[in-house]
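Take a look at the structure set out below.
The values are calculated or read from the model by the stated rules, or taken from the named source; none is laboratory data. This one's a predicted model, so the numbers in the text were calculated from it and none came from an experiment. Here the Cβ positions follow ideal geometry from the backbone for every residue, glycine too, while neighbour counts run over all protein chains shown. For accessibility, only protein heavy atoms count, side chains too; no ligands or nucleic acids. Shrake-Rupley method; radii C 1.70, N 1.55, O 1.52, S 1.80 Å.
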2 protein chains.
Amino acid sequence: MMENKSDTDRCDCIVIHQEIVDKVKENMPQEEKLYDLAELFKVFGDTTRIKILYALSSSDMCVCDIAVLLNMTQSAISHQLRVLKQAKLVKYRKEGKIVFYSLDDEHVKMIFDQGLLHISEK
Amino acid sequence: MMENKSDTDRCDCIVIHQEIVDKVKENMPQEEKLYDLAELFKVFGDTTRIKILYALSSSDMCVCDIAVLLNMTQSAISHQLRVLKQAKLVKYRKEGKIVFYSLDDEHVKMIFDQGLLHISEK
DNA sequence: TGTTCATATGAATAATTGTTCATATGTTAT
DNA sequence: ATAACATATGAACAATTATTCATATGAACA
């Protein structure tokens, strides 16, 4: 009869690799930080938002201009700008009834570039 | 009676900003490239995958070790490793029945660092 | 004051996705 | 051969999310 594996939640090789796993565990950032990191990248993980960010990296733009540029509804753009705003990736200034959005982060372009580098090499 | 806006799909301000929009449009990368970029970041946009990538940045590990480390099922880890493999972010080598995964990209850490930089400043 | 315009937002819907469960594949050891 | 083990995978389910539609807000202007 076999020893029940789920008693320990560990496979056999973990016993051998325990040291490595412990070392890796030590080097892992806090749970919360990794969660925030994933949340940030999730914001980049949508074509519409990527396009908006790319557009804003060229020039500040108002909501309606972005909608025209991307051939999408004003509402869809506005919803996505809210997500970008919450992630502190864009900021805005009001001029009367027009709201101009712009990038709020120097890292956006660098994150882009690293991503494009990966893509172009694979 | 008002002129129907949807005839042109353009708001009033776009007429004024047309030049800017045209310039931005010129500078936008190809549609496909932006799609791929979003797909790449989507892969980073999940806590489990971020943790796996972080773990592998410390040391190569087998599937079962990762499962123990993250306290998740082997199946869940395996599914996510497939996603990472497809994105060419990890590679693997087989040693008998054990499969060791490792990072397949120098950019992973740099993308991480930029992300963490953004988070820590906001 | 009433109308037009630019933007924001809540609700609904459709599509995507992460995990679990059960099972398949392929390797090692007895 | 058979059993044990490490990993992979398909189907199902629950949860998340992007867009649309209708409408609200608030500014400019006639």
Original post:
Hey, in the GNM for chain B with a 10 angstrom Cα cutoff, which one of B:111, B:66, B:20 fluctuates hardest?
Top reply: B:20
Original post:
Using protein heavy atoms only (no ligands, DNA or RNA), what is the total accessible area buried between A and B, 1.4 Å probe, nearest 100 Å²?
Top reply: 5400 Å²
Original post:
Relative to the Cα centre, what is the charge dipole magnitude of chain A, using +1 at the beta carbon of each Lys and Arg, -1 at the beta carbon of each Asp and Glu, and rounding to the nearest 20 debye?
Top reply: 840 debye
Subject >> Choice from B:26, B:106, B:95 with maximal GNM fluctuation in chain B (Cα, 10 Å cutoff) >> reply: B:26
Original post:
Using the Kirkwood radius built from alpha carbon pairs, what does the Stokes-Einstein equation give as D for the protein assembly as shown at 20 °C and 1.002 mPa s, in µm² per second?
Top reply: 107 µm²/s
Original post:
Along Cα→Cβ at 7 Å, what distances in nm separate the residue A:59 label point from those on the other copies, shortest first?
Top reply: 5.4
Original post:
In whole angstrom, how far apart do the alpha carbon centroids of the range A:24-81 and the range B:56-121 sit?
Top reply: 24 Å
Subject >> Within chain A, helix-based [θ] at 222 nm, where runs of 4 or more DSSP H residues each add -39,500 (n - 2.57), nearest 500 >> reply: -20500 deg cm²/dmol
Original post:
Normalised by the number of residues in chain A, what is the relative contact order in percent for Cα pairs under 8 Å and 6+ residues apart?
Top reply: 20 percent
Subject >> When each of A:88/B:109; A:23/B:94; A:42/B:97 is checked by Cα-Cα distance, pairs over 28 Å >> reply: A:42/B:97
**OP:** Scan around residue B:99 for amide H atoms under 5 Å from its own, H built in the peptide plane at 1.01 Å from N, and keep only partners 5 or more places away or cross-chain.
**Re:** B:63
Subject >> Isolated Cys residues of the protein assembly as shown, judged by Cβ distance under 4.7 Å to other cysteines >> reply: A:13, A:62, B:13, B:62
Subject >> Residue among A:28, A:112, A:11 farthest towards the positive dipole end of chain A, charges placed on Cβ >> reply: A:112
Subject >> Sequence-distant aspartates and glutamates (8 or more away, or on other chains) whose Cα lies within less than 14 Å of residue A:91 >> reply: A:60, A:104, A:105, A:106
